[in-house]
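J.: Here it is, the structure in full.
What follows draws every value from the coordinates through simple rules; no lab data is involved. Just so it is clear, the structure is predicted and the values come from calculations on it, not from any experiment. Note: ideal-geometry Cβ built from the backbone for every residue, glycine included; neighbour counts use all protein chains shown.
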Amino acid sequence: MIAYLKGTLIRKTPGQVVIETGGVGYCAHISVSTYVKLGEVQGPAELFVYTHLTEGSLSLFGFACPEEKDMFLKLIGISGIGPKLAMNVLSGIDPADLEDAVRASDVARISLVPGIGRKTALRITLELQDKIDKKEKLLAAKGSPEKEDLVSALQNMGFRRKEVERAVDQTIAAHKAGAGFEKLLRDCLKRLAKI
């Protein structure tokens with residue numbers, strides 16, 4: 001299985017690239033966002049790759065960053081969504097924006113992607129919410145109990161998780177250990193008020 005390519009960019013179109021490495025040219029399907037992030041032809045290039053093997057073909061799907069590949073893998077894990085449709089979704093919406101739309105249950109935003117109807121957008125939203133929730137629970141388990149208490153309290157007040165995590169991390173870094181939950185919470189609220 002090919003998982004990563006680094007070499008010279010030989011050819012580049014919005015849907016496909018050829019990267020030469022070790023005297024071999026590898027053709028990979030890419031999203032529009034990866035196309036934009038890749039450099040100029042004849043310049044250095046690297047791709048995180050998903051190898052898709054079926055009975056009749058072998059296809060490579062390339063991504064400029066691991067986050068885009070992770071989202072692609074989540075998408076193809078949804079029933080009825082194959083690699084080409086997943087790549088189409090990532091061409092129409094950035095992975096971070098897709099994650100925000102899924103969290104907000106914004107089916108309308110996802111259905112704006114060409115080739116994605118309302119039913120498919122709803123399925124994506126429902127199934128990705130489960131996968132994103134599992135990821136957040138795993139990440140939360142790695143954090144301190146104090147941090148998770150702050151994050152939970154601030155989310156219950158209506159703040160978005162990304163903003164909350166940033167404010168909590170900054171607050172904890174600025175205070176000594178044992179500063180107290182109430183003091184940390186007040187500081188977090190001050191930071192969030194500035195956003």
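J.: Kindly provide the helix-only [θ] at 222 nm of the chain, computed as the sum of -39,500 (n - 2.57) over DSSP H runs of four or more divided by all residues, to the nearest 500 deg cm²/dmol? Please report the intermediate quantities before stating the final value.
T.: Working: 9 runs with 105 residues, N = 195.
My calculation for the chain gives -16500 deg cm²/dmol from helical runs alone.
J.: Computed FRET efficiency, Cβ-Cβ of residue 105 and residue 152, R0 25 Å: what is it to the nearest 0.05? Let's see the in-between values first.
T.: Values: r = 20 Å, r/R0 = 0.80.
It comes out at approximately 0.80.
J.: May I ask you to derive the relative contact order of the chain, considering only C-alpha pairs under 8 Å and at least 6 residues apart, and to give it as an integer percent? Show your work: numbers first, answer last.
T.: Details: 244 pairs, mean separation 23.5, N = 195.
Here the relative contact order equals 12 percent.
J.: If you wrap a convex hull around the alpha carbons of the chain, what volume per residue comes out, as a whole number of Å³? Before the final figure, lay out each step's value.
T.: On the way: hull volume 31.6 nm³, N = 195.
Measuring per residue, one finds 162 Å³ for the Cα hull of the chain.
J.: With charges only on Cβ, +1 for K and R and -1 for D and E, what is the dipole size of the stretch 143-193 about its Cα centre, in debye, rounded to 20?
T.: Numbers: 10 positive and 8 negative charges, 42 e Å.
Value, rounded to 20: 200 debye.
J.: Can I ask one more? Mind running the shape call on the stretch 67-141? Use the C-alpha gyration tensor, a ≥ b ≥ c as the square roots of the eigenvalues: rounded below 1.5 for a/c, prolate if a/b tops b/c, oblate otherwise. It would help to have the intermediate numbers written out before the result.
T.: Numbers: a/c = 1.70, a/b = 1.44, b/c = 1.18.
Prolate is the answer for the stretch 67-141, as a/c is 1.5 or above and a/b outweighs b/c.
J.: Something else now. Taking DSSP loops as anything outside H, G, I, E and B, show the longest stretch in the chain free of trypsin sites (Lys or Arg not before Pro) there with at most 11 other beta carbons within 10 Å.
T.: Answer - 1-175.
J.: If you average the sequence gap of Cα pairs under 8 Å that are 6 or more apart and divide by the length of the stretch 4-64, what percent do you get for the contact order? Don't skip to the answer; put the middle values down first.
T.: On the way: 127 pairs, mean separation 20.9, N = 61.
Relative contact order here is 34 percent.
J.: To continue, here is another question. Counting only DSSP beta bridges with both residues in the chain, tell me the antiparallel percent, nearest 5.
T.: On the way: 22 of 24 bridges.
Beta bridges within the chain, antiparallel portion: roughly 90 percent.
J.: Evaluate Rg over Rh across the stretch 1-44, taking Cα atoms for both radii and Kirkwood's formula for Rh. Walk me through the intermediate numbers first.
T.: Working: Rg = 9.7 Å, Rh = 10.5 Å.
In the stretch 1-44, Rg relative to Rh is 0.93.
J.: For the pair residue 170 and residue 40, what calculated FRET efficiency results from E = 1/(1 + (r/R0)^6), where r is the Cβ-Cβ distance and R0 = 41 Å, to the nearest 0.05? Don't skip to the answer; put the middle values down first.
T.: On the way: r = 38 Å, r/R0 = 0.92.
After rounding to 0.05, the efficiency reads 0.60.
J.: Here's another thing I want to ask about it. Counting only DSSP beta bridges with both residues in the stretch 4-64, tell me the antiparallel percent, nearest 5. Don't skip to the end; give the middle numbers.
T.: Working: 22 of 24 bridges.
Among the beta bridges of the stretch 4-64, antiparallel pairing accounts for roughly 90 percent.
J.: Tell me the label-point distance for the pair residue 94, residue 4, using the 7 Å Cα-to-Cβ offset, in nm and rounded to one decimal.
T.: A separation of 2.5 nm, rounded to one decimal place.
J.: Let me ask you something else. Taking a ≥ b ≥ c as the square roots of the Cα gyration tensor eigenvalues, with a/c under 1.5 meaning rounded and otherwise prolate when a/b beats b/c, else oblate, which class fits the stretch 13-71? Please report the intermediate quantities before stating the final value.
T.: On the way: a/c = 1.81, a/b = 1.18, b/c = 1.53.
Note, shape of the stretch 13-71 comes out oblate.
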